[in-house]
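See below for the structure under consideration.
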């Protein structure tokens, strides 16, 4: 590979693969230096540098500068008087680089360059990809479904990497068709056997909903509203607790939008999953009551030591508080972090006056 061709190749790798130019050059220099050291019969210190203008590699012998008469190993040391003939600013204790001609330097460079480009740069590209996606761990990313492999769904990420959506992270009610584009939560990024990045995605993780709020809701993006927690039955229903950092902002209204316009953006992304936006409160009783909506709570008795709450509702509110298959109370418990024991007024023996 000629000099100009090499410089063009380096530039291409930097643009298309995202590999830093200085890293490519460093790998090439180290590889050629290693090849030269193996070729030399004498134990000398050699450094290889790429000429950025010509694209040609040049070798230099490194010698330590010592006092006159103190040279013990001419292959690695040079007297100060001789060094100053080459460089007037040479000083004892420092090193000097001397041009070093090697027979077959062009062939060595060409062979080593091809080895690096086909082997070490492959690993370097994997490192760059790994670091790129490792930074996205715990965040959301857009991908396109490309195929099924067994029960795994394979997803193309930005045309750079194929990721895996395993069965446990798939929403049962969703259909993953080839060509479909959707957003995923980056659950884990690790190394595969050959060092290539292995990205595990999720569509079921609660943080997927939280990150969508943080990306799609203007007030959340601006820091006026904060998502305090999420509880999900993936594909069916989610409860999202929000709080305002600005007293003039209604956090629930800001997230729902006029006639539900804002929340519908996220509902659509989640393929119709219902989302209840709940007002967060530092007061556990108030937070639990909010989390159980749309049911109306009559009374809450807290056991703070065990973090258990006995919640009393009117008889006609019980099924609403419980939800289909206990979903509403289960999600409320998950969202608040409290164990909720749901009771009716008649079951608890609570009079109307006692509930007020």
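Counting only DSSP beta bridges with both residues in segment 3-132, tell me the antiparallel percent, nearest 5. About 75 percent, rounded to the nearest 5. Computed over the chain with a Gaussian network model linking Cα atoms closer than 10 Å, the most mobile of 37, 290, 328 is 37. Within segment 25-39, what residues put their amide N at less than 14 Å from the label point 7 Å along the Cα-to-Cβ vector of residue 107? What the label zone holds, given the 14 Å backbone N cut-off, is 36, 39.
With each label modelled as a point 7 angstrom along the Cα→C-beta vector, the residue 259-residue 12 pair spans 5.5 nm. If a/c stays under 1.5 just call it rounded; otherwise compare a/b with b/c (prolate if a/b is bigger, oblate if not). Do that for segment 283-356, with a ≥ b ≥ c from the square roots of the Cα gyration tensor eigenvalues. Since a/c reaches 1.5 but b/c is at least a/b, the shape of segment 283-356 is classed as oblate. Between helix 327-336 and the chain there is an angle of about 60 degrees, using the helix long axis and the longest principal axis of the Cα atoms. Calculated over segment 1-104, the projected area of the Cα convex hull averaged across directions stands at 8.0 nm². Principal-axis analysis of the Cα atoms of the chain puts helix 206-216 at an angle of about 80° to the longest axis. One chain, two ends: residue 303 and residue 178. Fully extended at 0.36 nm per residue, the span grows by 39.9 nm beyond their Cα-Cα distance. The calculated FRET efficiency for residue 92 paired with residue 60, based on their beta-carbon distance and R0 = 25 Å, is about 0.80. Antiparallel beta bridges, as assigned by DSSP with both residues in the chain, represent about 75 percent of the total such bridges. With 0.36 nm allotted per residue and the present C-alpha distance subtracted, the residue 118-residue 132 stretch has 2.9 nm of extension available. Here segment 1-72 and segment 233-293 have alpha carbon centers that stand 59 Å from each other.
Prolate is the label for the chain, because a/c, from the alpha-carbon gyration tensor with a ≥ b ≥ c as root eigenvalues, is 1.5 or above and a/b exceeds b/c. Packing around the peptides 232-240, 313-321, taken as the average count of other Cβ atoms within 10 Å per residue, puts them in this order, highest first: 232-240, 313-321. Under the simplified labelling scheme, the residue 146-residue 320 pair shows an inter-label distance of 5.0 nm, with each label point 7 Å from Cα along Cα→Cβ. Helix 21-39 axis versus longest C-alpha principal axis of the chain: approximately 40°, rounded to the nearest ten.
A Förster radius of 51 Å combined with the Cβ-Cβ distance from residue 168 to residue 45 puts the calculated FRET efficiency at roughly 0.40. Each stretch of four or more DSSP H residues adds -39500 (n - 2.57); spread over every residue of the chain, this sum gives -10000 deg cm²/dmol at 222 nm.
For segment 226-279, what does the alpha-carbon gyration tensor say about shape, rounded, prolate or oblate, given a ≥ b ≥ c as the root eigenvalues, a/c under 1.5 as rounded, and a/b over b/c as prolate? Here segment 226-279 falls in the oblate category.
Read-outs throughout are calculated quantities, based only on the coordinates presented, and are distinct from any laboratory measurement. Source: prediction; values computed, not measured. In this analysis, Cβ positions are derived from the backbone assuming ideal geometry, glycine residues included, and neighbour counts consider all displayed protein chains.
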